[in-house]
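Working notes, beginning with the structure itself.
Values quoted throughout were computed directly from the atomic coordinates according to the rules given, and no laboratory measurement underlies them. Remember, it's a predicted structure, so these values are computed and weren't measured experimentally. With ideal geometry, Cβ positions are generated from the backbone for all residues, glycine too; neighbour counts draw on all protein chains shown.
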Amino acid sequence: MKAWTCCIAAALFAGPVACRAADETWDFPEIARYVRHFDVRIRSPQARLRVLTELTYFHPRNSRLYPPFLRRLLKDPSPRLRWQALSRLDDHGIRVPPDEVPDVLLVPLAGLVDRTKAESVAHFRELAAGKGAAAGWAIKVLGLIGDADSAALAERLLVSKNVFVHYSAAVALMYLGQAAKGKAELRKITDAKAQHDTTGFYRGSAAERLCRLGEWQYFPVLLGLFNARQGYADGPLDVLEDLTGEYFLTLPEWRRWWQRTGKAKFLAKNPAKGTPRRAARRP
């Protein structure tokens with residue numbers, strides 16, 4: 001009753017917009033079209049993670065719609081959801097400024113990190129110095145929170161045979177002041193012969209990130225994975241569409257577009273320094 005009374009009083013002084021101010025916090029009508037009952041579910045702290053999971057499962061990338069929504073989730077009460085928002089902004093090639101990075105995050109296989117507490121960050125450095133997937137998750141978050149003392153750890157993880165760990169270390173280096181070395185490692189990951197990446201997921205992730213950084217000569221790597229990952233929810237179609245603004249249903253159509261239009265259009269923005277060895281033949 002008190003809340004309703006306050007809203008009426010506010011409306012008398014500030015007009016009809018005042019009562020809707022809280023609702024506008026979750027005003028994402030275009031995203032709502034992708035998720036059933038979005039307007040109701042997004043207001044439930046318990047349902048938000050599932051909303052995000054459902055949204056990104058069926059539509060992994062949307063550089064136009066997702067970033068404002070993900071930035072809003074950086075302030076969510078749930079440290080698990082804050083991590084998801086930070087990580088997915090990174091997937092879109094968006095680096096969150098240090099003053100906007102959440103202090104507390106819940107990281108898969110690594111646990112809770114509080115970047116304001118030295119002992120918490122030190123624990124994650126210990127995880128990054130270990131082996132297995134936990135090291136990959138740890139170095140990923142250390143890069144995203146900008147822990148400069150973790151650069152040496154990231155360099156050591158570059159030799160890992162676990163492609164997730166290798167990829168995470170390469171990305172972390174780019175956040176920790178070693179962009180040239182990080183990009184050089186991403187280029188290595190795009191080479192199928194050099195990686196233990198049976199699904200091609202990280203080859204595609206590396207190529208996507210390089211394209212977002214302007215190295216469009218790696219776009220053919222994504223085309224080469226088109227059929228290999230067609231049955232996966234995180235297949236290449238959404239990524240190709242998001243990167244280019246184009247939409248084609250089949251690989252031959254994408255190849256024709258790249259040869260006739262895309263190659264000249266995108267490479268002209270940032271001329272290729274050389275064609276990747278594995279992508280030189282096709283397309």
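Points worth noting:
- Listed residue pairs exceeding 25 Å between alpha carbons, taken from Lys140/Lys161; Lys140/Lys265; Lys117/Lys140: Lys140/Lys265
- Sites Leu249 and Ala118, calculated FRET efficiency, Cβ-Cβ separation with R0 51 Å, nearest 0.05: 0.45
- In a DSSP loop and with at most 15 other Cβ atoms within 10 Å, the trypsin sites (Lys or Arg not before Pro) in segment 30-132 are Arg33, Arg36, Arg43, Arg64, Lys75, Arg95, Lys117, Lys131.
- Gained length - Arg80 relative to Arg64, 0.36 nm times residue gap less alpha-carbon distance: 3.4 nm
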